[in-house]
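Encoded as structure tokens, the structure appears first; notes follow it.
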Amino acid sequence: LALASRGDALLALHRLGPARAACAAAIARDGAAAAGHRCLGAVLLAAGRPREAISSLERATTLDRWDPEAARLLAAARARLTAASAPPRRTSSSPPRRR
């Protein structure tokens, strides 16, 4: 838990590399603890890697289904992935036609 907390603190400071390392160390120490997976998912989401974040966050919610932060981050990662894969919206540069 201490390593995951360190990763969360580093993430808050926008130090993604060291945060990811701390989260990975937390998972290596105790892969059955949801905090490390949630931490890694948050870092991956902040790094713009929602597909990878989803994998970590799904693991976190499996390990602790009552973790509201993991659930919130998972929803955000899924929304970001959906938005990224949606076709671009067509915009018109011409004014509306008159009838």
Expressed as cubic angstrom per residue, what is the convex hull volume of the alpha carbon set of the chain? 129
Which of rounded, prolate, oblate describes the range 10-52, given a ≥ b ≥ c as roots of the alpha-carbon gyration tensor eigenvalues and a/c under 1.5 marking rounded, otherwise prolate only if a/b is larger than b/c? oblate
Hey, any idea what % of the chain's accessible area is carbon plus sulfur with a 1.4 Å probe? 54
Measuring from its Cα centre, the range 1-90 shows a charge dipole (+1 at each Lys and Arg Cβ, -1 at each Asp and Glu Cβ) which, in debye to the nearest 20, is 440
What residue among 87, 68, 50 shows peak mean-square fluctuation when the chain is described by a Gaussian network model with Cα springs under 10 Å? 87
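What is the chain's relative contact order, in percent, from Cα pairs under 8 angstrom and six or more apart in sequence? Don't skip to the end; give the middle numbers.
Values: 116 pairs, mean separation 19.6, N = 99.
Over the chain, the number comes to 20 percent.
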Axial C-alpha extent at least 24 Å, average Kyte-Doolittle at least 0.0 - helices from the chain (DSSP): 68-85
Tell me, what is the per residue accessible area of the chain in Å², probe radius 1.4 Å? 70
Once amide H atoms are built 1.01 Å from N in the peptide plane, which residues 5 or more positions from residue 49, or in another chain, come under 5 Å H to H? none
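The values are calculated or read from the model by the stated rules, or taken from the named source; none is laboratory data. Not measured: the values here are computed from a predicted model. Note: ideal-geometry Cβ built from the backbone for every residue, glycine included; neighbour counts use all protein chains shown. The protein model used for the area step is the full one, side chains on, heavy atoms only, and it has no ligands, DNA or RNA in it. Shrake-Rupley method; radii C 1.70, N 1.55, O 1.52, S 1.80 Å.
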